[in-house]
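So the structure is just underneath, and the comments pick up after that.
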Amino acid sequence: MIFHKKFGQEGKKIVIGIHGWGGSHDTFLPIEKNINEEFMMINFDLPGYGQSLKPSKWIISDIVDSLADEITKLTNQKIDILGNCSGALISILLSKSNKINVDNLYLIDPFSKTPWYFKIFTNKFIGDYAYTTTFQNPLGRFFTNFSLKGKRNEETNMTSSFKDIDKETSLGYLRMLVELEGTNVMENIRCNPIIINGENTFKDALKSLDYYYSIWENLKSVTIPNTGHLPIEESPKEIIKLIKEG
């Protein structure tokens, strides 16, 4: 079972929300609170997160295919997709499914390569311990969030969602995304990609633009001023505006 939450105006543009690492459908609450019936959103808990059951196997293609099946049950019209962080990578793969028809693909901070500081958690010797210390310990979450203060607004917290996240799920997704490196799976999309970065986000996310421009001729990019790695939380009205105008 893959859980979803729907809000917004029926009969208008449909936007599918795909959250990122450690998130859930609640990632899109700031949009729900600020939307004025401009469009409808259907936001999923990825398998293993929130109220969705864990997948039987950690295979990215199977997860993407199951998401496409769920979307077809909900609508047969053309959709937009909003993918947040690592959810942006899943959104790219989802947009290539022959089961759905995607118009605009909004991608927030899609890393073209997994940064070294995330790969630590997939290391077979210290990964499990490093993850537990960083994300499953209150003190670890506090210091990690503090160390990232330059990548977020003062009132936002980049680690709070990890408090209740299942470790197997979290590391399962991270390992699957690391395995995508060096492949061409992000190429040959059939929709309109728009990459959204906060002005103060990670340098690795900003550098990733070069890669995406090299594989997508029709790519557009937007930088939101005075915003870090969490544009949905920090600048939801800007995200809504971009989707509405798309």
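Each reported figure results from applying straightforward, stated rules to the coordinates on display, with no laboratory input. Please read all numbers here as calculations on a predicted model, not as lab measurements. With ideal geometry, Cβ positions are generated from the backbone for all residues, glycine too; neighbour counts draw on all protein chains shown.
Observations on the structure shown:
- None of N76, N36 is of a type in the set (S, T, N, Q), more than 29 Å from N184 (Cα to Cα) and surrounded by fewer than 16 Cβ atoms within 10 Å (Cβ to Cβ) except N36.
- Considering residues of the range 79-102 that are assigned to a strand (DSSP E or B) and buried (at least 24 other Cβ atoms within 10 Å of the Cβ) only, the residue farthest from the chain's Cα centre (by Cα): I81
- Residue count for the range 9-21, restricted to those that are buried (at least 19 other Cβ atoms within 10 Å of the Cβ) and either in contact with an Asp or Glu (Cβ under 9 Å, 6 or more places away or on another chain) or not aliphatic (A, V, I, L, M) (or both): 8.
To keep it simple, each residue is scored yes or no on (1) within 21 Å of F162 (Cα to Cα); (2) charged (D, E, K, R).
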site: L29; (1), (2): yes, no
site: N34; (1), (2): no, no
site: S56; (1), (2): no, no
site: D62; (1), (2): no, yes
site: A68; (1), (2): no, no
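- Any hit, the range 129-140, residues being among the aliphatic types (A, V, I, L, M) and touching a helix residue (DSSP H, G or I) at 6+ places or on another chain (Cβ under 8 Å): yes
- Taking the range 38-77 as the range and being acidic (D, E), touching a helix residue (DSSP H, G or I) at 6+ places or on another chain (Cβ under 9 Å) and more than 15 Å from I18 (Cβ to Cβ) as the test, only E38 passes.
- Every test in (1) under 27 Å from T134 (Cα atoms); (2) among the small types (G, A, S); (3) over 14 Å from the mean Cα position of the chain (by Cα) is passed by G23 save one, and that test is (3).
- Screening the candidates F142, F125 for the property of being assigned to a loop (DSSP other than H, G, I, E, B) and surrounded by fewer than 19 Cβ atoms within 10 Å (Cβ to Cβ) yields one hit, F125.
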